[in-house]
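To start, the structure itself, in structure tokens.
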Amino acid sequence: MASRKALQPNRDNGDKYSVLLPTYNERENLPLIVWLLVKYFGESGYNYEIIVIDDGSPDGTLEVAEQLQKIYGEEKILLRPRAKKLGLGTAYIHGMKHATGNFIIIMDADLSHHPKFIPEFIEKQKKGNYDLVSGTRYQGNGGVYGWDLRRKLISRGANFLTQVLLRPGASDLTGSFRLYKKKVLESLVERCVSKGYVFQMEMIVRARQLNYTIGEVPISFVDRVYGESKLGGNEIISFVKGLLTLFATT
Amino acid sequence: MTKLLQWLFGVSLLGAVWALVSFDLLDLSLPQTYREVAWPMPLYLLVSFGCYSLATVGYRVATFNDCEAAAKELQEQIKEAKEDLRKKGLKV
Ligand SMILES: Nc1nc2c(ncn2[C@@H]2O[C@H](COP(=O)(O)OP(=O)(O)OP(=O)(O)O)[C@@H](O)[C@H]2O)c(=O)[nH]1
Ligand SMILES: [Mg+2]
């Protein structure tokens, strides 16, 4: 009994974690992120599933996902593709509908979010019975890799402005590496109206508004190695718009 | 109450107190020094808040962690993962 427990220390408590991986042209990153997820979930022994939501990537991400499903099994890797690029926000909603876990983990598939932090998220959640746990680049040992001074300045400046205006009770609002109780995520998604970039920010601001408890875990954010960024462009403009909207409506 | 309303409320409250003291609107016959101190107060507050903001953001930019170790670890894990996935039959 003792030895079985040591092998799979966290299997028996009934909790299950559904990881949502939205992908668009992540052919190179997807196998790596899945491998890392399997590795860290395997080591920590938590029960999990990985839900890949691919939006018809022209680079054939879905085909790679199918291979991964063969390798790791259909209970572990679920494919919930959509025919065309419909955006990140709806990808989460779509994936969540198919999730069987009582907890949901949202992360990028581009290796910026390292699965090694997931066991820390889970421990943090259990410790305080938090409704959501958010990764933060701005506290403790958290940080970034591959950012120049300009990007750091914009990031810190935007974060400071947001903290002053919204007092959200969380230090990283635009990061999207988070663990939610499934019910909490469902109720948040229902209320959130923003698209794209601002969506993450709205989620955590509304969470605070609804008196959900928020735990934080410092994470290191390593800029994507493979593939291209899909956001960018007028990121700053949409950020300011979103910030002002939240300022006036929450 | 939205954050916007909270701000408007706070600012008008402060503004009212400031106007009361600076212009002695209620004829409380406050000492002249009170009025002299109160009158330029908004400017002082604004400037000190500006300085505080610049200092805070500057400090946070300067102390923003560069996660060299994490990047290196990831690179090594990528190698290991590719190797292992190839063995498991993944074709990229
Ligand atoms: N399903 C789906 N996934 C998307 C869509 N847009 C982006 N993604 C995925 O969402 C995650 C985050 O997108 P990124 O392009 O990395 O955005 P970012 O992290 O802000 O930008 P960079 O890391 O700087 O490239 C990645 O896993 C993308 O593949 C979309 O329209 N549909
Ligand atoms: Mg990214």
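The values are calculated or read from the model by the stated rules, or taken from the named source; none is laboratory data. Keep in mind that this is a model prediction, so the values were computed, not measured. We place every Cβ from the backbone using ideal geometry, glycine too, and count neighbours over all the protein chains shown. Side chains included, ligands, DNA and RNA excluded: accessible areas come from the protein's heavy atoms. Shrake-Rupley method; radii C 1.70, N 1.55, O 1.52, S 1.80 Å.
When the protein assembly as shown is described by a simple charge dipole with +1 on each Lys and Arg Cβ and -1 on each Asp and Glu Cβ, the residue from B:Ala19, A:Val133, A:Val225 located farthest towards its positive end is A:Val133.
The trypsin sites (Lys or Arg not before Pro) of chain B that meet both conditions, a loop assignment by DSSP and at most 10 other Cβ atoms within 10 Å of the site Cβ, are B:Lys91. Estimated from helical segments only, the mean residue ellipticity of the protein assembly as shown at 222 nm is -17000 deg cm²/dmol, where each DSSP H run of four or more residues counts as -39500 (n - 2.57). Against the main long axis of the alpha-carbon atoms of chain A, helix A:29-44 sits at an angle near 70°. The 3J(HN,Hα) values that the Karplus relation (6.51, -1.76, 1.60; θ = phi - 60°) gives for the range A:170-184 are, in residue order, 8, 8, 10, 8, 9, x, 10, 10, 9, 10, 10, 5, 4, 4, 5 Hz. Gly and Pro appear as x.
Per-residue mean of foreign Cβ neighbours for A:136-144 is 3 (Cβ atoms of other chains, 10 Å radius). Interface of A with B. Using a 1.4 Å probe and counting protein heavy atoms only, the two chains hide about 3500 Å² of accessible surface, both sides summed.
The alpha carbon convex hull volume per residue for chain B rounds to 174 Å³.
Does the range B:41-92 come out rounded, prolate or oblate, given a ≥ b ≥ c as the square roots of the eigenvalues of its C-alpha gyration tensor, rounded meaning a/c under 1.5 and, failing that, prolate meaning a/b above b/c?
prolate
Restriction of the trypsin sites (Lys or Arg not before Pro) in the range A:28-121 to DSSP coil positions whose beta-carbon has at most 13 other beta-carbons within 10 angstrom yields A:Lys84.
For A:Asp15, put the label point 7 Å out on the Cα→Cβ axis and report which residues of the range A:203-226 keep their amide N under 20 Å from it. Under 20 Å, as judged by backbone N against the label point of A:Asp15, lie A:212-219 of the range A:203-226. Axis angle, to the nearest 10 degrees, between helix A:149-166 and the longest C-alpha principal axis of chain A: 80 degrees.
Working note: Karplus 6.51/-1.76/1.60 with θ = phi - 60° gives the range B:19-26 the couplings 5, 4, 6, 5, 10, 6, 4, 9 Hz, where Gly and Pro are set to x. Compared with the alpha-carbon gap, the fully stretched path from A:Lys127 to A:Glu235 is longer by 35.3 nm at 0.36 nm per residue. Principal axis extents of the Cα atoms in the protein assembly as shown, from largest to smallest and rounded to whole angstrom, are 87, 43, 40. Once the 1.4 Å probe is applied to the protein heavy atoms, the protein assembly as shown comes out at 52 Å² accessible per residue.
Dipole check for the range A:13-249: with +1 at the C-beta of Lys and Arg, -1 at the C-beta of Asp and Glu, and the Cα centre as origin, the magnitude is about 720 Debye. Per residue of peptide B:70-79, the mean number of Cβ atoms on other chains within 10 Å of the residue Cβ is 5. Distant-in-sequence amide contacts of A:Glu216, defined by a placed amide H-H separation under 5 Å and a gap of 5 or more residues or a different chain, comprise A:Ser134.
Longest segment of chain A with no GluC sites (Glu not before Pro) in a DSSP loop having at most 16 other Cβ atoms within 10 Å? Result for the longest clean stretch: A:76-227.
Taken residue by residue and averaged, Cβ atoms of other chains lying within 10 Å of the Cβ of A:103-115 number 1.
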